[in-house]
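Chemist: My structure is below; once you've seen it, I'll send some questions.
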Amino acid sequence: KPTPVCIFGIATTVMPSAGAVTIWASDFESGSSYDNCTAYNDLEFSFSEDVNDDFITIACADIPANGLYPITLYVTDEAGNFDFCTTFIDVQDPNGVCVTPTGLITGTIENEFQEVIEEVTVTLSDDNGIMTTPVITGPTGVFQFNQTYGDYDVTPEKDINYLNGVTTYDLVLISKHILGIELLDSPYKMIAADANNSGVITALDLVKIRALILYLDDELTNNTSWRFVEQDYVFPNPSNPWTEEFPEFIGLTTTIDPANFIAVKIGDVNGSASPNSLLGSDTRTFSGNLALQLEATKVAEGETFTVDFKAKDFKQIAGYQFTLGFDNEAVEFVDVRSNLQGLESKNFGLTKLEEGVITTSWNSSIGVDVEDNAVLFSMTFLANTTANTADVFTINSRYTESEAYNGTELFDVVLEFNGSEAKSTFELYQNTPNPFKGETTISFNLPESGAVTLRITDVAGRTLKLINMDAVKGMNSVNLTREEFDATGVLYYQLESANNTATMKMIIVD
(Lines give C-alpha, C1' and ligand atoms only; values in the text may rest on other atoms or scores of the structure.)
Protein backbone atom coordinates (compact mmCIF):
# COMPACT_ATOMS: atom_id res chain seq x y z
CA LYS A 1 0.00 0.00 0.00
CA PRO A 2 1.10 3.58 -0.59
CA THR A 3 1.69 5.89 2.38
CA PRO A 4 -0.65 8.95 2.30
CA VAL A 5 0.31 12.21 4.01
CA CYS A 6 -2.52 14.80 4.48
CA ILE A 7 -2.34 18.56 4.85
CA PHE A 8 -4.05 20.05 7.92
CA GLY A 9 -5.47 23.55 8.32
CA ILE A 10 -6.72 24.27 4.79
CA ALA A 11 -9.40 27.00 4.67
CA THR A 12 -11.70 28.12 1.88
CA THR A 13 -14.66 30.44 1.42
CA VAL A 14 -18.12 29.85 0.04
CA MET A 15 -18.58 31.42 -3.41
CA PRO A 16 -21.23 34.19 -3.17
CA SER A 17 -22.78 33.43 -6.55
CA ALA A 18 -23.18 29.67 -6.07
CA GLY A 19 -23.49 29.37 -2.31
CA ALA A 20 -21.07 26.45 -2.52
CA VAL A 21 -17.35 25.67 -3.04
CA THR A 22 -15.68 22.89 -5.10
CA ILE A 23 -12.49 21.30 -3.76
CA TRP A 24 -10.06 18.73 -5.26
CA ALA A 25 -8.54 15.74 -3.55
CA SER A 26 -5.02 16.75 -4.64
CA ASP A 27 -5.45 19.97 -2.61
CA PHE A 28 -5.19 17.95 0.61
CA GLU A 29 -2.06 15.96 -0.31
CA SER A 30 1.15 17.31 1.19
CA GLY A 31 3.50 16.31 -1.66
CA SER A 32 5.08 13.77 0.64
CA SER A 33 2.91 10.76 -0.05
CA TYR A 34 4.93 7.86 -1.50
CA ASP A 35 4.91 4.24 -2.67
CA ASN A 36 7.68 1.66 -2.99
CA CYS A 37 6.87 0.83 -6.63
CA THR A 38 4.88 3.78 -8.06
CA ALA A 39 6.43 7.16 -8.76
CA TYR A 40 4.83 10.15 -6.97
CA ASN A 41 3.50 11.64 -10.22
CA ASP A 42 1.68 8.38 -10.95
CA LEU A 43 -0.21 8.20 -7.65
CA GLU A 44 -3.98 8.82 -7.76
CA PHE A 45 -5.66 11.11 -5.16
CA SER A 46 -9.38 10.77 -4.50
CA PHE A 47 -12.12 11.12 -1.84
CA SER A 48 -13.03 7.40 -1.97
CA GLU A 49 -11.70 4.09 -3.29
CA ASP A 50 -12.90 5.20 -6.73
CA VAL A 51 -9.93 7.03 -8.23
CA ASN A 52 -12.34 9.10 -10.38
CA ASP A 53 -13.94 10.59 -7.22
CA ASP A 54 -11.37 13.35 -7.24
CA PHE A 55 -13.53 16.41 -6.35
CA ILE A 56 -16.48 17.32 -4.17
CA THR A 57 -18.79 20.34 -3.92
CA ILE A 58 -19.61 21.58 -0.43
CA ALA A 59 -22.91 23.46 -0.26
CA CYS A 60 -24.18 25.62 2.59
CA ALA A 61 -26.32 22.78 3.93
CA ASP A 62 -23.23 20.55 4.20
CA ILE A 63 -21.22 22.87 6.41
CA PRO A 64 -21.13 21.89 10.11
CA ALA A 65 -21.90 24.52 12.74
CA ASN A 66 -18.19 24.95 13.52
CA GLY A 67 -17.31 25.24 9.81
CA LEU A 68 -14.89 22.27 9.91
CA TYR A 69 -15.81 19.87 7.11
CA PRO A 70 -14.23 16.36 7.52
CA ILE A 71 -12.07 15.04 4.67
CA THR A 72 -10.86 11.49 3.94
CA LEU A 73 -8.07 11.46 1.35
CA TYR A 74 -7.35 8.18 -0.55
CA VAL A 75 -3.99 7.55 -2.24
CA THR A 76 -3.88 4.68 -4.84
CA ASP A 77 -0.82 3.20 -6.59
CA GLU A 78 -0.50 1.75 -10.10
CA ALA A 79 -1.32 -1.76 -8.81
CA GLY A 80 -4.62 -0.59 -7.29
CA ASN A 81 -3.41 -0.69 -3.73
CA PHE A 82 -4.69 2.21 -1.59
CA ASP A 83 -4.63 3.71 1.85
CA PHE A 84 -6.10 6.91 3.33
CA CYS A 85 -5.56 9.68 5.84
CA THR A 86 -8.10 12.04 7.41
CA THR A 87 -8.07 15.82 7.75
CA PHE A 88 -10.56 18.71 7.51
CA ILE A 89 -11.17 21.93 5.66
CA ASP A 90 -12.30 25.14 7.37
CA VAL A 91 -15.18 26.42 5.22
CA GLN A 92 -15.64 30.11 5.89
CA ASP A 93 -18.54 32.38 4.98
CA PRO A 94 -17.37 35.99 5.47
CA ASN A 95 -20.17 37.42 3.27
CA GLY A 96 -23.00 35.61 5.06
CA VAL A 97 -23.95 33.62 1.97
CA CYS A 98 -24.98 30.61 4.05
CA VAL A 99 -26.79 32.54 6.77
CA THR A 100 -30.52 31.99 6.45
CA PRO A 101 -32.04 35.42 5.84
CA THR A 102 -34.15 36.39 8.85
CA GLY A 103 -36.13 39.40 9.81
CA LEU A 104 -37.90 40.73 12.87
CA ILE A 105 -41.69 40.79 12.78
CA THR A 106 -42.69 43.20 15.50
CA GLY A 107 -45.67 45.29 16.46
CA THR A 108 -47.52 47.12 19.20
CA ILE A 109 -51.15 46.69 20.22
CA GLU A 110 -52.92 49.64 21.79
CA ASN A 111 -56.42 51.09 21.99
CA GLU A 112 -57.56 54.31 20.34
CA PHE A 113 -56.42 56.23 23.43
CA GLN A 114 -52.82 55.03 22.92
CA GLU A 115 -52.95 52.71 25.92
CA VAL A 116 -51.01 49.49 25.30
CA ILE A 117 -52.91 46.21 25.65
CA GLU A 118 -51.67 43.26 27.67
CA GLU A 119 -52.47 39.54 27.30
CA VAL A 120 -53.13 39.59 23.58
CA THR A 121 -52.27 36.27 21.92
CA VAL A 122 -50.57 36.96 18.58
CA THR A 123 -50.31 34.16 16.02
CA LEU A 124 -48.02 33.97 12.99
CA SER A 125 -49.22 31.80 10.11
CA ASP A 126 -48.73 31.14 6.41
CA ASP A 127 -50.62 29.12 3.81
CA ASN A 128 -49.76 25.93 5.70
CA GLY A 129 -51.15 27.11 9.03
CA ILE A 130 -49.69 28.34 12.31
CA MET A 131 -45.92 28.48 12.06
CA THR A 132 -44.60 28.89 15.59
CA THR A 133 -45.69 29.19 19.20
CA PRO A 134 -48.00 32.21 19.60
CA VAL A 135 -46.68 35.21 21.51
CA ILE A 136 -48.59 36.90 24.36
CA THR A 137 -48.13 40.62 24.85
CA GLY A 138 -46.90 41.86 28.22
CA PRO A 139 -47.52 45.23 29.92
CA THR A 140 -45.78 47.05 27.05
CA GLY A 141 -48.19 45.68 24.43
CA VAL A 142 -45.27 44.67 22.17
CA PHE A 143 -44.81 41.37 20.35
CA GLN A 144 -42.14 40.05 17.99
CA PHE A 145 -41.19 37.00 15.93
CA ASN A 146 -37.82 36.14 14.37
CA GLN A 147 -38.62 34.65 10.96
CA THR A 148 -37.17 34.11 7.52
CA TYR A 149 -38.40 36.45 4.83
CA GLY A 150 -41.71 35.43 3.33
CA ASP A 151 -45.47 35.97 3.31
CA TYR A 152 -47.20 35.81 6.68
CA ASP A 153 -50.44 36.63 8.45
CA VAL A 154 -50.20 38.22 11.91
CA THR A 155 -53.41 37.70 13.92
CA PRO A 156 -54.12 39.01 17.46
CA GLU A 157 -56.77 37.54 19.77
CA LYS A 158 -58.02 38.27 23.28
CA ASP A 159 -61.21 36.63 24.49
CA ILE A 160 -61.23 36.94 28.28
CA ASN A 161 -63.02 39.05 30.91
CA TYR A 162 -66.01 40.24 28.88
CA LEU A 163 -67.07 42.65 31.65
CA ASN A 164 -63.78 44.56 31.67
CA GLY A 165 -64.86 48.21 31.25
CA VAL A 166 -68.50 47.31 30.53
CA THR A 167 -71.09 49.16 32.66
CA THR A 168 -74.57 50.60 32.38
CA TYR A 169 -72.97 53.92 31.43
CA ASP A 170 -72.02 52.30 28.12
CA LEU A 171 -75.71 51.50 27.65
CA VAL A 172 -76.52 55.17 28.25
CA LEU A 173 -74.08 56.24 25.53
CA ILE A 174 -75.16 53.56 23.07
CA SER A 175 -78.83 54.48 23.61
CA LYS A 176 -78.05 58.10 22.79
CA HIS A 177 -76.28 56.98 19.63
CA ILE A 178 -79.21 54.80 18.51
CA LEU A 179 -81.66 57.68 19.06
CA GLY A 180 -79.37 60.21 17.35
CA ILE A 181 -79.08 62.33 20.50
CA GLU A 182 -75.29 62.02 20.76
CA LEU A 183 -73.42 59.93 18.21
CA LEU A 184 -70.40 57.83 19.04
CA ASP A 185 -67.47 59.81 17.67
CA SER A 186 -65.13 57.10 16.33
CA PRO A 187 -65.42 53.92 14.26
CA TYR A 188 -63.74 52.00 17.09
CA LYS A 189 -66.47 53.02 19.56
CA MET A 190 -69.08 51.90 17.03
CA ILE A 191 -67.40 48.52 16.68
CA ALA A 192 -67.39 48.28 20.48
CA ALA A 193 -71.12 49.05 20.58
CA ASP A 194 -71.94 46.27 18.09
CA ALA A 195 -72.11 43.58 20.76
CA ASN A 196 -73.91 41.00 18.63
CA ASN A 197 -71.52 41.54 15.70
CA SER A 198 -74.34 42.27 13.25
CA GLY A 199 -72.70 45.21 11.48
CA VAL A 200 -75.22 47.69 12.85
CA ILE A 201 -75.95 49.17 16.29
CA THR A 202 -79.45 48.38 17.55
CA ALA A 203 -81.41 47.76 20.75
CA LEU A 204 -80.36 44.11 20.48
CA ASP A 205 -76.83 45.19 21.35
CA LEU A 206 -78.17 46.81 24.52
CA VAL A 207 -79.81 43.52 25.43
CA LYS A 208 -76.57 41.58 24.93
CA ILE A 209 -74.48 44.02 26.97
CA ARG A 210 -77.03 44.22 29.78
CA ALA A 211 -77.07 40.41 29.99
CA LEU A 212 -73.34 40.58 30.77
CA ILE A 213 -73.82 43.30 33.39
CA LEU A 214 -76.59 41.35 35.11
CA TYR A 215 -74.56 38.12 35.01
CA LEU A 216 -77.21 36.45 32.88
CA ASP A 217 -74.48 35.65 30.32
CA ASP A 218 -70.74 35.37 30.80
CA GLU A 219 -69.80 35.89 27.14
CA LEU A 220 -71.12 37.26 23.87
CA THR A 221 -72.53 34.50 21.67
CA ASN A 222 -71.51 35.91 18.29
CA ASN A 223 -68.57 38.06 19.31
CA THR A 224 -65.30 38.07 21.22
CA SER A 225 -64.27 40.16 24.19
CA TRP A 226 -61.80 42.17 22.08
CA ARG A 227 -61.58 42.94 18.37
CA PHE A 228 -58.53 44.24 16.50
CA VAL A 229 -58.11 46.53 13.51
CA GLU A 230 -54.93 47.12 11.54
CA GLN A 231 -53.57 50.43 12.81
CA ASP A 232 -52.96 51.87 9.36
CA TYR A 233 -56.39 50.91 8.08
CA VAL A 234 -58.44 53.88 6.88
CA PHE A 235 -62.20 53.36 7.18
CA PRO A 236 -63.93 54.33 3.89
CA ASN A 237 -66.83 55.68 5.95
CA PRO A 238 -65.87 56.29 9.62
CA SER A 239 -69.52 56.80 10.56
CA ASN A 240 -70.25 53.28 9.29
CA PRO A 241 -67.18 51.08 9.82
CA TRP A 242 -68.96 48.05 8.37
CA THR A 243 -69.21 49.36 4.79
CA GLU A 244 -66.46 46.87 4.05
CA GLU A 245 -64.79 44.14 6.09
CA PHE A 246 -62.12 45.80 8.18
CA PRO A 247 -58.88 43.82 8.53
CA GLU A 248 -58.40 42.03 11.84
CA PHE A 249 -55.06 40.58 10.77
CA ILE A 250 -52.05 41.92 8.90
CA GLY A 251 -50.65 40.14 5.84
CA LEU A 252 -46.91 40.79 5.52
CA THR A 253 -44.78 40.30 2.41
CA THR A 254 -41.69 41.55 4.21
CA THR A 255 -40.54 41.28 7.80
CA ILE A 256 -39.40 44.89 8.14
CA ASP A 257 -42.84 46.49 8.19
CA PRO A 258 -44.41 46.96 11.64
CA ALA A 259 -47.58 44.99 12.44
CA ASN A 260 -49.43 47.41 14.71
CA PHE A 261 -53.08 47.04 15.78
CA ILE A 262 -55.83 49.07 17.40
CA ALA A 263 -57.63 47.02 20.07
CA VAL A 264 -61.36 47.45 20.65
CA LYS A 265 -62.99 46.23 23.89
CA ILE A 266 -66.48 45.10 22.91
CA GLY A 267 -69.19 46.75 24.99
CA ASP A 268 -66.90 49.49 26.32
CA VAL A 269 -67.61 52.72 24.42
CA ASN A 270 -66.23 55.15 27.01
CA GLY A 271 -62.75 53.62 27.23
CA SER A 272 -62.94 52.49 30.84
CA ALA A 273 -61.53 48.98 30.28
CA SER A 274 -58.29 48.24 32.09
CA PRO A 275 -55.75 47.66 29.28
CA ASN A 276 -52.78 46.33 31.25
CA SER A 277 -51.45 45.51 34.68
CA LEU A 278 -49.30 48.65 34.81
CA LEU A 279 -52.43 50.56 35.84
CA GLY A 280 -52.74 48.43 38.98
CA SER A 281 -55.99 47.68 40.75
CA ASP A 282 -59.28 49.29 39.85
CA THR A 283 -60.50 51.93 42.30
CA ARG A 284 -63.33 54.34 41.58
CA THR A 285 -63.84 57.93 42.69
CA PHE A 286 -67.45 59.02 43.28
CA SER A 287 -68.86 62.52 43.11
CA GLY A 288 -71.52 61.58 45.65
CA ASN A 289 -74.19 59.02 46.48
CA LEU A 290 -77.48 58.00 44.95
CA ALA A 291 -79.52 56.77 47.91
CA LEU A 292 -82.37 54.28 47.75
CA GLN A 293 -84.58 54.44 50.83
CA LEU A 294 -86.17 51.53 52.68
CA GLU A 295 -88.16 51.34 55.88
CA ALA A 296 -86.62 49.20 58.60
CA THR A 297 -89.43 46.90 59.70
CA LYS A 298 -89.73 43.65 61.59
CA VAL A 299 -91.17 40.66 59.72
CA ALA A 300 -92.44 37.42 61.22
CA GLU A 301 -91.58 33.87 60.15
CA GLY A 302 -93.85 32.76 57.32
CA GLU A 303 -94.85 36.34 56.46
CA THR A 304 -94.91 37.47 52.83
CA PHE A 305 -93.82 41.09 52.80
CA THR A 306 -92.97 43.82 50.28
CA VAL A 307 -90.13 46.32 50.51
CA ASP A 308 -90.39 49.59 48.56
CA PHE A 309 -87.18 51.09 47.20
CA LYS A 310 -87.83 54.83 47.23
CA ALA A 311 -86.05 57.73 45.54
CA LYS A 312 -83.97 60.38 47.28
CA ASP A 313 -82.31 63.20 45.34
CA PHE A 314 -82.97 61.28 42.13
CA LYS A 315 -82.10 64.21 39.85
CA GLN A 316 -81.10 63.90 36.17
CA ILE A 317 -80.08 60.28 36.66
CA ALA A 318 -79.43 58.58 33.32
CA GLY A 319 -78.65 55.14 34.66
CA TYR A 320 -77.64 52.98 37.59
CA GLN A 321 -76.53 49.47 38.39
CA PHE A 322 -75.79 47.56 41.58
CA THR A 323 -75.92 44.24 43.36
CA LEU A 324 -78.69 43.80 45.92
CA GLY A 325 -77.63 41.41 48.62
CA PHE A 326 -80.12 39.67 50.90
CA ASP A 327 -79.89 37.06 53.61
CA ASN A 328 -81.16 34.05 51.70
CA GLU A 329 -81.46 32.02 54.89
CA ALA A 330 -83.80 34.61 56.40
CA VAL A 331 -85.91 35.40 53.33
CA GLU A 332 -86.83 34.02 49.90
CA PHE A 333 -87.37 36.17 46.82
CA VAL A 334 -90.89 36.09 45.38
CA ASP A 335 -91.41 38.89 42.86
CA VAL A 336 -90.42 42.37 41.70
CA ARG A 337 -92.58 45.23 40.39
CA SER A 338 -91.45 48.56 38.96
CA ASN A 339 -92.74 52.12 38.78
CA LEU A 340 -89.67 53.72 37.17
CA GLN A 341 -90.09 54.32 33.45
CA GLY A 342 -87.98 51.89 31.44
CA LEU A 343 -87.37 49.61 34.42
CA GLU A 344 -88.83 46.18 33.72
CA SER A 345 -88.34 42.63 34.93
CA LYS A 346 -85.63 42.16 32.29
CA ASN A 347 -83.58 44.79 34.14
CA PHE A 348 -83.12 42.40 37.07
CA GLY A 349 -80.79 39.43 37.14
CA LEU A 350 -82.12 36.50 39.16
CA THR A 351 -79.58 33.82 38.28
CA LYS A 352 -77.80 34.03 41.65
CA LEU A 353 -80.74 33.97 44.05
CA GLU A 354 -79.26 30.93 45.80
CA GLU A 355 -76.32 33.14 46.78
CA GLY A 356 -78.57 35.88 48.12
CA VAL A 357 -77.87 38.14 45.13
CA ILE A 358 -80.05 40.12 42.72
CA THR A 359 -78.37 42.24 40.05
CA THR A 360 -80.00 45.21 38.38
CA SER A 361 -79.23 47.69 35.61
CA TRP A 362 -81.37 50.56 34.33
CA ASN A 363 -80.64 53.37 31.90
CA SER A 364 -82.31 56.18 30.00
CA SER A 365 -81.20 58.23 27.01
CA ILE A 366 -81.91 61.40 29.02
CA GLY A 367 -81.54 62.39 32.66
CA VAL A 368 -84.59 61.48 34.73
CA ASP A 369 -86.00 63.27 37.79
CA VAL A 370 -88.03 61.38 40.40
CA GLU A 371 -89.69 63.00 43.39
CA ASP A 372 -88.34 62.13 46.84
CA ASN A 373 -90.08 59.16 48.48
CA ALA A 374 -91.55 58.01 45.16
CA VAL A 375 -91.32 54.24 44.81
CA LEU A 376 -88.84 53.20 42.11
CA PHE A 377 -89.51 49.48 42.42
CA SER A 378 -90.85 47.01 44.97
CA MET A 379 -89.73 43.49 45.86
CA THR A 380 -91.74 40.80 47.59
CA PHE A 381 -90.11 38.20 49.85
CA LEU A 382 -91.16 35.33 52.09
CA ALA A 383 -89.67 35.39 55.60
CA ASN A 384 -88.16 32.08 56.74
CA THR A 385 -87.57 33.47 60.20
CA THR A 386 -88.33 36.55 62.26
CA ALA A 387 -85.99 39.33 61.09
CA ASN A 388 -85.51 43.06 60.71
CA THR A 389 -85.23 44.24 57.09
CA ALA A 390 -82.31 46.49 58.07
CA ASP A 391 -80.36 43.30 58.81
CA VAL A 392 -81.47 41.49 55.67
CA PHE A 393 -80.71 43.81 52.72
CA THR A 394 -77.53 45.50 51.45
CA ILE A 395 -76.38 47.18 48.27
CA ASN A 396 -72.88 46.20 47.19
CA SER A 397 -70.68 45.44 44.19
CA ARG A 398 -70.25 41.72 44.70
CA TYR A 399 -71.18 41.05 41.08
CA THR A 400 -72.60 44.11 39.32
CA GLU A 401 -70.71 47.13 40.60
CA SER A 402 -72.81 49.77 42.34
CA GLU A 403 -72.76 53.05 40.45
CA ALA A 404 -75.09 55.68 38.98
CA TYR A 405 -74.64 58.41 36.39
CA ASN A 406 -75.64 62.06 36.28
CA GLY A 407 -74.24 63.42 33.04
CA THR A 408 -70.56 62.55 33.23
CA GLU A 409 -70.50 62.30 37.04
CA LEU A 410 -70.22 58.96 38.78
CA PHE A 411 -72.18 58.24 41.96
CA ASP A 412 -72.15 55.37 44.40
CA VAL A 413 -75.49 53.65 45.03
CA VAL A 414 -76.21 53.25 48.75
CA LEU A 415 -79.08 51.98 50.85
CA GLU A 416 -80.74 54.06 53.57
CA PHE A 417 -83.01 52.68 56.31
CA ASN A 418 -85.36 55.24 57.88
CA GLY A 419 -83.19 58.07 56.50
CA SER A 420 -79.84 56.74 57.74
CA GLU A 421 -77.28 55.20 55.41
CA ALA A 422 -76.65 51.52 56.00
CA LYS A 423 -73.21 51.00 57.46
CA SER A 424 -70.65 49.62 55.03
CA THR A 425 -69.06 46.33 56.04
CA PHE A 426 -65.83 44.47 55.38
CA GLU A 427 -66.55 41.89 52.67
CA LEU A 428 -64.35 39.73 50.46
CA TYR A 429 -66.23 38.45 47.42
CA GLN A 430 -65.86 35.35 45.29
CA ASN A 431 -63.52 35.94 42.37
CA THR A 432 -65.20 36.15 38.98
CA PRO A 433 -65.07 34.17 36.85
CA ASN A 434 -64.44 31.10 38.95
CA PRO A 435 -63.08 28.65 37.92
CA PHE A 436 -60.87 30.63 35.51
CA LYS A 437 -58.16 29.84 33.00
CA GLY A 438 -57.19 33.25 31.64
CA GLU A 439 -58.05 36.13 33.91
CA THR A 440 -60.11 36.69 37.04
CA THR A 441 -61.08 39.57 39.32
CA ILE A 442 -61.07 39.60 43.12
CA SER A 443 -63.33 42.26 44.61
CA PHE A 444 -63.75 43.41 48.19
CA ASN A 445 -65.58 46.08 50.14
CA LEU A 446 -64.06 48.18 52.93
CA PRO A 447 -65.92 50.25 55.52
CA GLU A 448 -63.01 52.69 55.57
CA SER A 449 -60.04 53.40 53.29
CA GLY A 450 -56.69 51.97 54.35
CA ALA A 451 -53.84 49.60 53.62
CA VAL A 452 -54.70 45.98 52.86
CA THR A 453 -52.78 42.83 51.99
CA LEU A 454 -54.04 40.27 49.48
CA ARG A 455 -52.23 36.93 49.69
CA ILE A 456 -52.64 34.06 47.21
CA THR A 457 -51.59 30.61 48.48
CA ASP A 458 -51.75 27.02 47.32
CA VAL A 459 -53.34 24.18 49.30
CA ALA A 460 -50.04 23.62 51.12
CA GLY A 461 -50.04 27.22 52.35
CA ARG A 462 -47.16 28.30 50.10
CA THR A 463 -47.49 31.99 49.14
CA LEU A 464 -47.75 32.37 45.36
CA LYS A 465 -48.42 36.12 45.19
CA LEU A 466 -48.53 38.96 47.71
CA ILE A 467 -50.20 42.29 46.92
CA ASN A 468 -49.99 45.29 49.25
CA MET A 469 -52.21 48.21 48.31
CA ASP A 470 -53.95 51.29 49.62
CA ALA A 471 -57.66 50.59 49.14
CA VAL A 472 -60.50 53.07 49.14
CA LYS A 473 -63.69 53.01 51.16
CA GLY A 474 -66.25 50.86 49.41
CA MET A 475 -65.60 48.71 46.38
CA ASN A 476 -62.08 47.71 45.27
CA SER A 477 -60.96 45.07 42.78
CA VAL A 478 -57.75 43.39 41.65
CA ASN A 479 -57.25 41.64 38.32
CA LEU A 480 -55.17 38.46 38.22
CA THR A 481 -53.93 36.46 35.24
CA ARG A 482 -53.18 32.75 34.84
CA GLU A 483 -49.56 33.50 33.96
CA GLU A 484 -48.94 34.86 37.46
CA PHE A 485 -49.31 31.41 39.06
CA ASP A 486 -47.22 28.30 38.62
CA ALA A 487 -50.09 26.15 39.84
CA THR A 488 -53.42 24.65 38.89
CA GLY A 489 -56.43 23.48 40.83
CA VAL A 490 -57.53 24.96 44.15
CA LEU A 491 -55.91 28.14 45.47
CA TYR A 492 -56.83 30.34 48.41
CA TYR A 493 -56.86 34.13 48.64
CA GLN A 494 -56.82 36.01 51.92
CA LEU A 495 -57.56 39.70 52.44
CA GLU A 496 -56.25 41.37 55.57
CA SER A 497 -56.92 44.92 56.73
CA ALA A 498 -56.13 46.63 60.02
CA ASN A 499 -59.19 45.14 61.73
CA ASN A 500 -60.47 42.28 59.55
CA THR A 501 -59.39 39.14 57.74
CA ALA A 502 -61.27 36.97 55.26
CA THR A 503 -60.34 33.98 53.10
CA MET A 504 -61.94 32.59 49.95
CA LYS A 505 -61.18 29.71 47.56
CA MET A 506 -60.68 29.93 43.80
CA ILE A 507 -59.91 27.38 41.08
CA ILE A 508 -57.51 27.58 38.14
CA VAL A 509 -58.16 25.26 35.20
CA ASP A 510 -56.04 24.57 32.11
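Chemist: How many nm separate the modelled label positions at residue 505 and residue 344, each set 7 Å beyond the Cα in the direction of the Cβ?
Modeler: 4.1 nm
Chemist: Put +1 on the Cβ of every Lys and Arg and -1 on every Asp and Glu Cβ in segment 350-451; which of 434, 368, 381 then has its Cα farthest towards the positive end of the dipole?
Modeler: With unit charges placed on the Cβ atoms, the residue in question is 434.
Chemist: Tell me the net charge near residue 288. Cut-off is 10 Å between Cβ atoms, residue 288 excluded, with +1 for each Lys or Arg and -1 for each Asp or Glu.
Modeler: Around residue 288, the charge tally is -3.
Chemist: Over the chain, with the other protein chains present, what is the accessible area per residue in square angstrom, probe 1.4 angstrom?
Modeler: 48 Å²
Chemist: Sum up the charges of everything whose Cβ sits under 13 Å from the Cβ of residue 337, counting Lys and Arg as +1 and Asp and Glu as -1, but leave residue 337 out.
Modeler: With Lys, Arg at +1 and Asp, Glu at -1, the net is -3.
Chemist: Calculated from the structure, semi-axes √(5λ) of the Cα gyration tensor in Å equals which of [x] 38, 26, 20; [y] 41, 28, 23; [z] 74, 27, 16?
Modeler: [z]
Chemist: If DNA, RNA and ligands are ignored and the probe is 1.4 Å, what is the ranking of 55, 286 by accessible area, most exposed first?
Modeler: 55, 286
Chemist: Under a straight-distance cross-link criterion of Cα-Cα below 22 Å, which lysines are reachable from residue 189, leaving out those fewer than 8 residues away in the same chain?
Modeler: Cross-link targets: 158, 176, 208, 265.
Chemist: What nm distance separates the two modelled labels at residue 179 and residue 26, each placed 7 Å from Cα along Cα→Cβ?
Modeler: Output for this residue pair reads 9.8 nm.
Chemist: Quick one: helix 203-213 against the long Cα principal axis of the chain, what's the angle to the nearest 10°, folded into 0 to 90?
Modeler: The helix 203-213 is inclined about 90 degrees to the chain.
Chemist: Summing Lys, Arg as +1 and Asp, Glu as -1, what charge do residues with Cβ under 14 Å from the Cβ of residue 390 carry, residue 390 excluded?
Modeler: Counting the neighbours of residue 390, the net charge comes to -3.
Chemist: In the chain, if the dipole is taken from +1 on Lys/Arg beta carbons and -1 on Asp/Glu beta carbons about the Cα centre, which of 497, 477, 59 is farthest to the positive end?
Modeler: The residue sitting most towards the positive pole is 497.
Chemist: Helix 168-179: angle to the longest alpha-carbon principal axis of the chain, degrees 0 to 90, nearest 10?
Modeler: 90 degrees
Chemist: Roughly how much of residue 37 is accessible, in Å² to the nearest 10, using a 1.4 Å probe?
Modeler: Counting only protein heavy atoms, residue 37 exposes about 110 Å² to solvent.
Chemist: Summarise the accessible area of the chain (1.4 Å probe, protein heavy atoms) by the percent that is carbon and sulfur.
Modeler: C and S fraction of accessible area: 47 percent.
Chemist: List the aspartates and glutamates whose Cα sits under 15 Å from the Cα of residue 310, skipping any in the same chain fewer than 8 residues away.
Modeler: Excluding near neighbours in sequence, the set is 295, 369, 371, 372, 416, 421.
Chemist: So, R0 is 25 Å and r is the distance between the beta-carbons of residue 315 and residue 285; what FRET efficiency does that work out to, to 0.05?
Modeler: Using R0 = 25 Å, I get an efficiency of 0.80.
Chemist: Here is a follow-up. What percent of all Cα-Cα pairs in segment 1-145 falls in each 10 Å bin, counting up from 0?
Modeler: 10, 26, 17, 14, 12, 10, 7, 3, 1
Chemist: While we're here: Taking C-beta distances below 4.7 angstrom as the pairing criterion, name the unpartnered cysteines of the chain, in sequence order.
Modeler: 37, each lacking another Cys Cβ under 4.7 Å.
Chemist: 7 Å from Cα along Cα→Cβ at both residue 496 and residue 327: what's the point-to-point distance in nm?
Modeler: Modelled inter-label distance: 3.0 nm.
Chemist: Right, next: What's the FRET efficiency of residue 449 with residue 93 using the Cβ-Cβ distance as r and R₀ = 51 Å, to the nearest 0.05?
Modeler: 0.20
Chemist: Then there's this: Using only the Cα atoms of segment 343-486, each taken as one equal point scatterer with no solvent, compute I(q) by the Debye sum, divide by I(0), and report log10 of the ratio at q = 0.19 Å⁻¹.
Modeler: Taken in order of the listed q values, log10 I(q)/I(0) reads -1.40.
The values are calculated or read from the model by the stated rules, or taken from the named source; none is laboratory data. Given the structure is predicted, the values throughout are model-derived calculations rather than measurements. With ideal geometry, Cβ positions are generated from the backbone for all residues, glycine too; neighbour counts draw on all protein chains shown. Heavy atoms of the whole protein, side chains included, go into the accessibility calculation; ligands, DNA and RNA do not. Shrake-Rupley method; radii C 1.70, N 1.55, O 1.52, S 1.80 Å.
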